[in-house]
Structures are given as C-alpha cells and as structure tokens.
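For reference, the structure discussed in these notes is given below.
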Amino acid sequence: KVSVECRNIRLSYGKTEVLKDVNINIEPGEFFALLGPSGSGKSTLLRLIAGFNRHNAGQLLVDGKDISTTPPWDRNIGMVFQNYALWPHMTVWDNVAFGLVERKLPRAEIRAKVEAALDLVGLSQYAKRRPNQLSGGQQQRVALARTIVIEPQVLLLDEPLSNLDKKLRVQMRQDLLSLQRRLGITTIFVTHDQEEAMTTADRMAVLDHGVVQQIGAPSTLFDYP
Ligand code: ADP
Ligand code: ADP
C-alpha cells in the first residue's frame, strides 16, 4: 500500500491556471474522492497523477518518491476512464488480458490473472462477449477488471459511474467500495456528485477553480440533514 502526496502543485494551460497550489496527502489504502463542479480541475489533477500531464511547479510523490524521477513504465498506476475506453473489436477476455500480453507475461500466468480479475468483478461467464454485447454496468466492470489485473499500486477512477443510470450507479458504488476494500489499493475517485463522494470515500477534497476548498472525512465537511 502506497501514499500519494500532492505538494504545492500548480498547472496552467496557456495563461489559464487550472491547479493553484494544490496540497493533498492521500494515505496508503485510502479511498479518496476528488469532488468539485465541472471545470474545477479534478480530471487534470488525476491525469497528472497518472502521468499524462506534467505540472508546472510543486511535487507529486507516490510511495514517497517523486514521480518525475520514475519512468512511466515503472509507475504501476492504473486508471479507469469515464468512457471505459474498451477495445470494441476484442472480446472481454482479450480486453482484460491486453496489459499483461503487452508486458509479455507467460501465457499460464496471464490466464490465471485474467480469470481471477473477471471473477472478482463477476464477469467470468462473459469472457467471450464483445463490449457492445454488454450492458453499461458490465462494460464498467470490464474496464475495472482490465485495470486491476495489472495489480496497480494506485487506482485512479475518472467519473467511473457517470455513464450509468441512477439505480445501477448506486449499486456499483457499493461494489466498487467492497472491491477496493478487498484489494486494499490506494484509490482516487473523481466525481461531481456530492452524495457519491460522501457515501464511498474515507476522505475527500473539494476543488473549486483549481483550489482545494475543504479536505477531510465526509462527516467533517458537511452537515448531514
Ligand atoms: P474537471 O475534471 O473538474 O471538470 P478539468 O480538469 O477537466 O476539470 O478542467 C479544468 C480546467 O482546465 C477547465 O477550465 C478546462 O477548460 C481546462 N482544460 C482542461 N484540459 C485542457 C487542455 N488540454 N487545454 C486547455 N485547457 C484545458
Ligand atoms: P442491464 O439490465 O444490466 O442493463 P441489459 O438489459 O443491457 O443489462 O442486458 C441484459 C443481459 O443481456 C446481459 O446479461 C447482457 O450481457 C446481455 N446482452 C445485452 N446486449 C446483448 C447483445 N447485443 N448480445 C448478447 N447479449 C446481450
């Protein structure tokens, strides 16, 4: 289990400051939510942790090590995208196996890991389907399986439930949380849905215009009615 620390992170796109001196310490094994309205900088911060963006100032430490000193292939950070980004021409099995095949693991090991990941998300019977033959919730699970199969040290989720209808979203929250608890992976969850953040996160940060407005356990941030 690893920590993720954002120290005085700044990032601008041209003249627009998108992250302004962001300080967040995420504990090993924590389920941490980034909450804020659209445009507040949540995805930018997540993409930065994933290594897709570079910050202009500050430090980003994973397990105490500055990620700018760790090459991308050594970072072992997994990200689930809002639109799932599954390969449409590949079966569920091949989608989940993809990262392992790329890493050139032995075939027997790939088989065992893919089986375990599909089992974990309850999709073992769907291995031969293609993504368009699955419901939205099932596609979401494939995206999750494909990410956890590489055994990331940090799991990043960018609005992972926003494409699902309300009923499924509420159910998937619980599934996601119990999966996170079983795996114990440090998880950062981006959402604009306050209720979603409050019902899942150990702690959360509220972002607005690139500034952290509040940070702490849900119960300490807002008054429950
Ligand atoms: P959120 O995830 O909270 O909706 P984003 O991190 O996507 O917010 O965006 C934060 C701000 O940065 C927005 O004002 C957005 O328009 C701007 N932004 C995001 N990506 C880019 C980009 N590649 N180029 C320029 N501006 C961007
Ligand atoms: P949900 O009720 O979870 O949204 P759906 O109503 O979309 O699910 O699908 C119900 C079942 O039918 C699921 O098991 C799904 O995998 C299967 N299914 C959906 N679309 C197809 C398809 N085009 N071909 C084969 N099976 C499908």
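Here is how the numbers come out for the structure above:
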quantity	calculated
Residue among 149, 190 that is surrounded by 15 or more Cβ atoms within 10 Å (Cβ to Cβ) and more than 16 Å from ligand 1 (Cβ to nearest atom)	149
Residues satisfying the stated conditions in region 50-77, i.e. within 12 Å of ligand 1 (Cβ to nearest atom) and surrounded by 14 or more Cβ atoms within 10 Å (Cβ to Cβ)	53
Top-ranked residue in region 40-49 [being open to solvent by less than 70 Å² (accessible area, probe 1.4 Å) and out of contact with any Asp or Glu (no Cβ under 7 Å at 6 or more places or on another chain); ranked as farthest from residue 3 (Cα to Cα)]	41
Any hit, region 88-99, residues being touching a residue at least 60 places away in the same chain (Cβ under 8 Å) and either closer than 30 Å to residue 65 by Cα or within 13 Å of ligand 2 (Cβ to nearest atom) (or both)	no
Considering residues of region 194-217 that are charged (D, E, K, R) and touching a helix residue (DSSP H, G or I) at 6+ places or on another chain (Cβ under 8 Å) only, the residue modelled with the highest pLDDT	203
Residues of region 29-48 classified as within 22 Å of residue 199 (Cβ to Cβ), part of a loop (DSSP other than H, G, I, E, B) and within 17 Å of the chain's Cα centre (by Cα), total	3
Among residues of region 22-39, those that are at pLDDT 95 or above and either within 16 Å of ligand 2 (Cβ to nearest atom) or open to solvent by 70 Å² or more (accessible area, probe 1.4 Å) (or both), counted	3
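The values are calculated or read from the model by the stated rules, or taken from the named source; none is laboratory data. Given the structure is predicted, the values throughout are model-derived calculations rather than measurements. Here the Cβ is made from the backbone with ideal geometry for all residues, glycine too, and neighbour counts use every protein chain on show. Surface areas here come from the heavy atoms of the whole protein model, side chains and all, with no ligands, DNA or RNA. Shrake-Rupley method; radii C 1.70, N 1.55, O 1.52, S 1.80 Å.
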